[in-house]
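Structure first, commentary second.
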Amino acid sequence: MSISRRTVLRSTALAASLAVPMHRAFAQKAEFNYKYANNLPVTHPLNIRAKEMADAIRAETGGRVDIQIFPSNQLGSDTDMLSQLRSGGVEFFTLSGLILSTLVPSASISGVGFAFNDYASVWKAMDGELGAHIRQQIAKANIVPMEKIWDNGFRQITSSSRAIAAPQDMKGFKIRVPVSPLWTSMFKALDAAPTSINFAEVYSALQTKIVDGQENPLAIIATAKLYEVQKYCSLSNHMWDGFWFLANRRAWEKLPADLRTVVARHINAAGMKERADVAELNAGLQKELAAKGMAFNQPDAAAFRDQLRKAGFYGEWKAKYGDEAWALLERSAGKLA
């Protein structure tokens, strides 16, 4: 079953059911009542597939495992929820590797600028040796990562002033970025002027020209209505981001082995479906945003890679991640440093 954009954006019944986690009659007799928290709206494919996943787990375990979903930062910020996951306040949590890197530094390596040209290279890396390496590092932090990483999508650059077609177009470009050394380092290496601004203030910052542009996946550009204050969208695919499905180790090990097998199988299967959903959603959103007046272009990623290489960006981050992790990245992404 695939999820169309209409299904995603109009899932009001699902939204109502997830807005306040449902306490089902048989949830009271479940042996394992676990909480799953995330930062995405209920209509995002991640939560739609998570609802299916929780239902399937409950059915196959005969009600022994009941997972309640808390979407949309209901249980706090990403930092709050990561702390709760580590302490056992929540049993499951999905988190971007770029944010998880505050605890597990190597987790952000999948977001290195212009490393991946397409999804084929992303999944080759994340379902292969690089993903296995990152999971090993996550496990050292006493957190259990599921095998399959879920998709957040490639990030694109938007602008109110000009299309970003080549590295020279970035010179002096005032762009909003999240608070992250990886982002700031990359855009500085491209001679841009990155500014860290809370996402809640991005629309007004673009509207008042505090910054000229920003970067996010198409789904964010659409839902935050950034097309109202941005004219150009460059399909730069400059960073890929995904969500690790994480479990509290103590809670995970409390599950008997047979139940762990069932839960992991359904979580990973849901993650694979969510990947397909996000790809389909983004394809539809490009057409919709173009209809709203956004002008799209496709920059040459190789030129941006060359600029980052000359500026020492890849060499700097290779040193930070270490030779082993960097070698695994390059096996899927190609030579960078």
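The values are calculated or read from the model by the stated rules, or taken from the named source; none is laboratory data. Computed from a predicted model, the values in this text were never measured in an experiment. Ideal geometry is used to build each Cβ from the backbone, glycine not excepted, and the neighbour counts take in all protein chains shown. All accessible areas refer to the heavy atoms of the entire protein, side chains included, with ligands and DNA or RNA removed. Shrake-Rupley method; radii C 1.70, N 1.55, O 1.52, S 1.80 Å.
Worth a mention:
- Karplus (6.51, -1.76, 1.60) ³J(HN,Hα), θ = phi - 60°, over region 111-128, in Hz, Gly and Pro reported as x: x, 4, x, 6, 6, 10, 7, 7, 5, 4, 6, 4, 5, 4, 6, 6, 8, x
- The H on the amide N of F243, modeled in the peptide plane, is under 5 Å from the matching H of W150, D151, N152, each at least 5 residues off or on a different chain.
- For the chain, a crude dipole built from +1 on the beta carbon of Lys and Arg and -1 on the beta carbon of Asp and Glu, taken about the Cα centre, is about 240 debye to the nearest 20.
- Positive end of the dipole of region 194-287 (Cβ unit charges, origin at the Cα centre): among Q207, N268, L285, the Cα lying farthest that way belongs to N268.
- The chain, helix-only ellipticity at 222 nm - DSSP H runs n ≥ 4, -39,500 (n - 2.57), divided by all residues, nearest 500: -13500 deg cm²/dmol
- Projected label points at A59 and S160, each 7 Å from Cα along the beta carbon direction, are separated by 4.9 nanometres.
- Cβ crowding within 10 Å averaged over residues, with 180-191, 288-299, 76-87 ranked highest first: 180-191, 76-87, 288-299
- Amide proton proximity set for S236, modelled H, under 5 Å, gap of 5+: I157
- Mean-square fluctuations from a GNM of the chain, with a 10 angstrom spring cutoff on Cα atoms, peak among A219, A200, A279 at A200.
- Mean separation of Cα contacts under 8 Å (6+ apart) over length of the chain, as relative contact order %: 24
- A straight line joining the Cα centroids of region 79-111 and region 25-72 runs 20 Å.
- Total lysine pairs under 19 Å (Cα atoms) in region 93-190, excluding pairs fewer than 8 apart on one chain: 4
- Test item: Cα-centred dipole of region 61-207, Lys/Arg +1 and Asp/Glu -1 on Cβ, debye: 320
- Taking a straight line from the alpha carbon of K225, these lysines sit under 19 Å away, with near neighbours fewer than eight places off in the same chain left out: K209, K287, K292.
- Computed from backbone phi, the HN-Hα couplings of region 200-215 come to 4, 9, 5, 4, 5, 5, 6, 5, 8, 6, 4, 10, 8, x, 7, 9 Hz, rounded to whole numbers (Karplus: 6.51 cos²θ - 1.76 cosθ + 1.60, θ = phi - 60°; Gly and Pro given as x).
- The gain in end-to-end length when the A132 to F199 segment is fully stretched comes to 21.0 nm, 0.36 nm per residue minus the alpha carbon separation.
- T223-A141 pseudo-label distance in nm [points 7 Å out on the Cα-to-Cβ vector]: 2.3
- Mean accessible surface per residue for the chain, computed with a 1.4 Å probe while every protein chain stays in place, in Å²: 41
- For peptides 247-258, 141-152, sequence by mean Cβ density within 10 Å, most packed first: 141-152, 247-258
- For Rg and Dmax of the Cα atoms in Å, the value computed from the atomic coordinates appears in the list (i) 20.9, 81; (ii) 25.5, 97; (iii) 20.1, 62 under label (iii).
- Region 94-146 - percent of accessible surface contributed by carbon and sulfur, probe 1.4 Å: 53
- The angle between the Cα long axis of helix 301-310 and the longest principal axis of the Cα atoms of the chain comes to about 80 degrees, rounded to the nearest 10.
- Which of G153, W326, I69, positive extreme of dipole for the chain (C-beta unit charges): I69
- Helix 45-60 axis, angle to the chain major axis (alpha carbon atoms, nearest 10°): 20
- Helix 323-333 vs. the chain, principal-axis angle (Cα, 0 to 90°, nearest 10): 80
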